[in-house]
Amino acid sequence: MPRHTVTAVTAVLTALVLGSSLTACAGQSSADAKEITVYSADGLKSETGDGFYNQVFKDFQARTGIKVDYVEGGSGEMVQRLARERSNTQADVVVTLPPFIQEADSKGLLAAYRPQGSAQVPTADKAADGTWTSVVDNYLCFVYDKKQLPQPPKTWNDLLDPKFKGKLQYSTPGVAGDGTAVLVKAMHDFGGESQAMAFLKKLQAVNVGPSSSTGALAAKVDKGELLVANGDVQMNYADTASMPDQGIFFPAPNGGGAPTTLSLPYAAGLVKNAPHAAEARAFLDYLLSPAVQQEVSRLGGGFASRTDVKATDANARALAKIMSGVQVFRPDWNAIDDKLTDYVDAWQSATGS
């Protein structure tokens, strides 16, 4: 997915931080290791080469000699792949949206490691046992076609308008992180599981159908193939330079009040039995280094995970404006992970998906 044009990250991306990370891990490194493999949810890397990951991977290799091999898919897909490879681990680092990072943890797929700087990440955005840490903060959103809709829908009920029939789509709960977040937001806004499922059953009358990838929906909205789709602020804001006809919005509860959204961070963890564990630790340290965190908004259109990093670039100011007036709630992702199968089953039953 296209991303904002990127200039080189400054030399402050700290060879000292990386050097100390690798030195601290000396003796644990695989012999002559020159690469790590990262499994990640989509949204942070651009096919055109100008995304957050593109620059971060390049600079990490320049400073350490360690190449990053990258595998991308839906959050649920990445966790399923880790589980299949448990006896022959291929990945070193996994990055997913919740509740899939919690699922990976509960399945014993992650190893405890607290990256340097993780003390500055809010408690809600990291595991108590150190198995995962948020590296880019983010929020659920929806997008609409600004060419065909002068104003975005204001409430959930507005999405039931017949004009959206065959022109609305959201990614699949239980498969895509953003799709699962739609389910979580609906349960929050409607006041419970049964109420949310009743509404999503109605919404199915206009919904196109399942989509394993949220990222694929933005281009459809920009082209006018869809009028409305779900997404997340980081990914969709980063798309606006190349997809100027999509706008970001947050549906409000039907009873009135402010629009709502939920925190949906990209969370990273060290894979258990990682083939290149020492190098993976250094990479996690690097992602949370102040210099990289300072560039999250400028390079990727996201939000720094560290509370002590305050970006002031143009993107950071624009993102603050997007989030102004939106009420953010933080779900209990561990509780959601415990009941995720039940929630997805209920959604499938309600929608016939």
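The values are calculated or read from the model by the stated rules, or taken from the named source; none is laboratory data. All values reported here derive from a predicted model rather than from experimental measurement. All Cβ positions, even for glycine, are placed from backbone atoms using ideal geometry, and neighbour counts span all protein chains on display.
Observations
- Residue check, L159 part of a loop (DSSP other than H, G, I, E, B) and touching a residue at least 60 places away in the same chain (Cβ under 8 Å): no
- Any hit, the range 315-334, residues being closer than 23 Å to V71 by Cβ, touching a strand residue (DSSP E or B) at 6+ places or on another chain (Cβ under 6 Å) and among the basic types (K, R): no
- Identification of helices (runs of 4 or more DSSP H) wholly contained in the range 235-332 with 2 or more residues that are surrounded by fewer than 20 Cβ atoms within 10 Å (Cβ to Cβ), more than 16 Å from the chain's Cα centre (by Cα) and not acidic (D, E) yields 290-294, 314-323.
- Residue in the range 275-292 that is free of Cβ contacts under 8 Å to residues at least 24 places away in the same chain and not acidic (D, E) present: no
- Any chance D69 is surrounded by fewer than 19 Cβ atoms within 10 Å (Cβ to Cβ) and at pLDDT 90 or above: yes
- Residues that are in contact (Cβ under 8 Å) with a residue 60 or more places away in the chain and either of a type in the set (G, A, S) or loosely packed, with under 14 Cβ neighbours inside 10 Å (or both), drawn from the range 205-216: G209, S212, S213, G215
- Being of a type in the set (D, E, K, R) and under 15 Å from the mean Cα position of the chain (by Cα) holds for only one residue in E85, E77, and it is E77.
- Filter result for V182 (within 15 Å of F100 (Cα to Cα) and either at pLDDT 95 or above or not aliphatic (A, V, I, L, M) (or both)): yes
- Of all residues making up the range 270-314, the number that are closer than 14 Å to R114 by Cα and either among the β-branched types (V, I, T) or outside the structural domain of D59 (by TED's automatic domain parsing) (or both): 1
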